[in-house]
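Student: Can you read through this structure? Questions will come right after.
The values are calculated or read from the model by the stated rules, or taken from the named source; none is laboratory data. This one's a predicted model, so the numbers in the text were calculated from it and none came from an experiment. Positions of Cβ are generated from backbone atoms using ideal geometry, with glycine treated the same way; all protein chains shown enter the neighbour counts. What goes into the accessible areas is simple: the full protein's heavy atoms, side chains included, and nothing from ligands, DNA or RNA. Shrake-Rupley method; radii C 1.70, N 1.55, O 1.52, S 1.80 Å.
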Amino acid sequence: MPVAFAPMTAHLDSDDQVRRERLLVERLRAGDERAFVELVEAHTPMMLRVARGYVASHETAEEVVQETWIALVKGVDKFEGRSSLRTWLFRVLVNIAKTRGVRDHNVAVAERAPYPGDASVDPVLFRTENDPWPRHWVTPPPSWLPTPEGSVLEAEMRDITRRELDRLPEQQRQVVALRDVLGFDAQEVCALLSLTPANQRVLLHRGRTRIRASLADYLGVHS
């Protein structure tokens with residue numbers, strides 16, 4: 001189940017997406033500066049987040065992003081459209097980040113699960129194997145109605161979600177960000193991060209459940 005925020009990409013008809021991307025590529029190849037600026041403004045924040053997962057400092061992440069944009073300018077004429085331009089762009093980013101970066105030494109500590117058995121959420125919140133509905137929630141996480149108060153609450157929860165996203169271990173953060181923020185599908189994420197489908201599912205589940213646990217704590221305090 002997705003976390004509390006929806007992908008930030010617009011839900012366009014697939015044919016419309018193809019036409020828009022083809023036009024964008026043509027503008028980039030023609031040297032349209034505005035097209036390049038639009039692309040930079042749309043993707044740089046998340047590119048920095050992804051790059052930061054591979055390198056030791058924010059400054060190095062900025063250099064990786066800059067190198068990626070240079071690679072785009074130099075390589076857009078060779079772009080064949082076998083994948084989306086966005087997928088191609090982030091694949092270049094990840095490859096550059098991998099060659100430049102050093103894994104954060106705190107990752108091993110951050111990866112340690114807070115509960116026994118490598119669980120991301122307290123096991124007591126789920127039904128036991130002897131229950132008629134094993135592994136289901138004992139009490140489902142609370143929800144809220146679309147009221148004015150709910151709108152304020154939703155904004156606060158989005159802030160919490162983004163904060164908790166930044167606190168996730170490296171690979172969990174990257175997978176959740178690509179899936180739930182940028183709207184990449186599982187196959188794209190596996191290709192970008194060199195993950196097996198099983199690993200991608202595990203990382204996505206653990207990342208989402210850690211964020212969900214923080215949201216549940218917040219709702220418990222403010223309910």
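Student: From the list Leu203, Leu195, Leu182, which one is within 12 Å of the chain's Cα centre (by Cα) and modelled with pLDDT of 85 or more?
Tutor: Working: Leu195 fails: within 12 Å of the chain's Cα centre (by Cα); Leu182 fails: modelled with pLDDT of 85 or more.
Of Leu203, Leu195, Leu182, the one residue that is within 12 Å of the chain's Cα centre (by Cα) and modelled with pLDDT of 85 or more is Leu203.
Student: Can you name the residue in the range 132-177 that is modelled with pLDDT of 75 or more and basic (Lys, Arg) and, of all such residues, is nearest to Ala216 (Cα to Cα)?
Tutor: Arg158
Student: Could you list, in sequence order, the residues of the range 33-66 that are surrounded by 15 or more Cβ atoms within 10 Å (Cβ to Cβ), aliphatic (A, V, I, L, M) and under 19 Å from Arg91 (Cβ atoms)?
Tutor: Within the range 33-66, Leu39, Met46, Met47, Leu48, Val50, Ala51, Val55, Ala61, Val64, Val65 meet the criteria.
Student: Could you check, for the range 181-204, whether at least one of its residues is small (Gly, Ala, Ser), in contact with a Lys or Arg (Cβ under 8 Å, 6 or more places away or on another chain), under 17 Å from Val50 (Cα atoms) and surrounded by 18 or more Cβ atoms within 10 Å (Cβ to Cβ)?
Tutor: Going through the range 181-204, the residues small (Gly, Ala, Ser) turn out to be 183, 186, 191, 194, 198.
Subset that is in contact with a Lys or Arg (Cβ under 8 Å, 6 or more places away or on another chain): 186, 191.
From what's left, under 17 Å from Val50 (Cα atoms): 186, 191.
From what is left, the residues that are surrounded by 18 or more Cβ atoms within 10 Å (Cβ to Cβ) are none.
No, the range 181-204 has no match at all.
Student: Return a yes/no flag: does the range 83-99 have any residue that is farther than 22 Å from Pro169 by Cα, part of a helix (DSSP H, G or I) and open to solvent by 80 Å² or more (accessible area, probe 1.4 Å).
Tutor: No; the residues of the range 83-99 include none that is farther than 22 Å from Pro169 by Cα, part of a helix (DSSP H, G or I) and open to solvent by 80 Å² or more (accessible area, probe 1.4 Å).
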